[in-house]
Amino acid sequence: MIRVLLVHDVCLVRSVLAEWLRREPGLSVDDTPWHGAWGRVRAVRPDVCAADLDSSGTHGVPPLADLRPAETGAPAPRLVVLAGANRPGLLKRAAEAGALGYVDKAGAPERLVQAIRRAAEGERFVDDSLGFGFLRAAEIPLTRRELSVLELAAGGASIAEIAGSLHLSHGTVRNYMAAITRKTGARNRVDAIRISQGEGWL
């Protein structure tokens, strides 16, 4: 039996998808929105976390580290993500978090089942339709930390709020913002956000 935790912020979609997965033989499925993922991972101890990369409660930044805690003593769950090729920044974040499965949100639900079963075996699964998104992800000039800073800024967070969220000093956040502005060829922070959103990095 493969223990699966489905993480999705849209209640109706999550409920329907979880019920559909429960009909599959060999799958034991629990579900949660992103804000409850940290606790559910510890309670359920899933073999696989299947997570939608759109996170409504965290300025669009999916807290993927919550799904693979290192301090519980148990093996970290394998990670499968639901993604779109138009958000290469999220694909890059998922790859850096060690995701094994990448399922196109526009595809058939059977693909999610295949990805879960493959990931449970420690094998990689990537929808062909996400290939272009991965090519674009490889071209993103910003580091993971710079993307985190910019994503919080795009959500309206101040320098102080960004510093608090990422456990950085105010000066370090300002240095990151300066680097982001330079790398994106932007005039200022607002322009950097506009450019990055237009490219699908955020």
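The values are calculated or read from the model by the stated rules, or taken from the named source; none is laboratory data. Because the structure is predicted, anything quoted here is derived from the model rather than measured. Calculation scope for accessible area: heavy atoms of the full protein, side chains included, ligands and nucleic acids excluded. Shrake-Rupley method; radii C 1.70, N 1.55, O 1.52, S 1.80 Å.
Taking Cα pairs under 8 Å and at least six residues apart, what relative contact order does the range 1-158 come out at, in percent?
Once divided by the residue count of the range 1-158, the mean separation gives 20 percent.
For a quick check of understanding: with a 1.4 angstrom probe and all protein chains in place, what accessible area in square angstrom does Arg111 have, to the nearest ten?
That residue has around 70 Å² of solvent-accessible surface.
By what distance, in whole Å, do the Cα atoms of the chain stretch along each of the three principal axes, largest value first?
Principal extents (Cα only, largest first): 54, 34, 30 Å.
Given only helices, namely DSSP H runs of n ≥ 4 each adding -39500 (n - 2.57), what is the per-residue ellipticity at 222 nm of the chain, to the nearest 500 deg cm²/dmol?
Dividing the helical sum by the residues of the chain leaves -14000 deg cm²/dmol.
What angle do you read, to the nearest 10 degrees and between 0 and 90, between the alpha-carbon axis of helix 170-184 and the longest principal axis of the chain?
With both axes taken from Cα atoms, the answer is about 90 degrees.
Where Rh denotes the Kirkwood radius from the mean inverse Cα pair distance, what is Rg over Rh for the range 60-168? Numbers along the way, then the final one.
Values: Rg = 15.2 Å, Rh = 15.1 Å.
Rg/Rh: 1.01.
For helix 189-199, what angle does its Cα long axis make with the longest principal axis of the chain, in degrees from 0 to 90 and rounded to 10?
Compared with the principal axis, the helix lies near 40 degrees.
Step by step: find N for the range 160-202, compute 2.2 N^0.38 Å, then divide the Cα radius of gyration by it. What's the final number?
1.19
Probe radius 1.4 Å, ligands and nucleic acids left out: which of Arg145, Arg87 has the largest accessible area, and how do the rest follow?
Result, largest first: Arg145, Arg87.
Roughly how much of Ser165 is accessible, in Å² to the nearest 10, using a 1.4 Å probe?
Here the accessible area works out near 70 Å².
Given a 1.4 Å probe and heavy atoms of the protein chains only, how would you sort Trp201, Trp20, largest accessible area at the top?
Trp20, Trp201
Calculate how steeply helix 109-120 sits against the longest principal axis of the alpha-carbon atoms of the chain, using the helix alpha-carbon long axis, and give the answer as 0 to 90 degrees to the nearest 10.
So the inclination is approximately 90 degrees.
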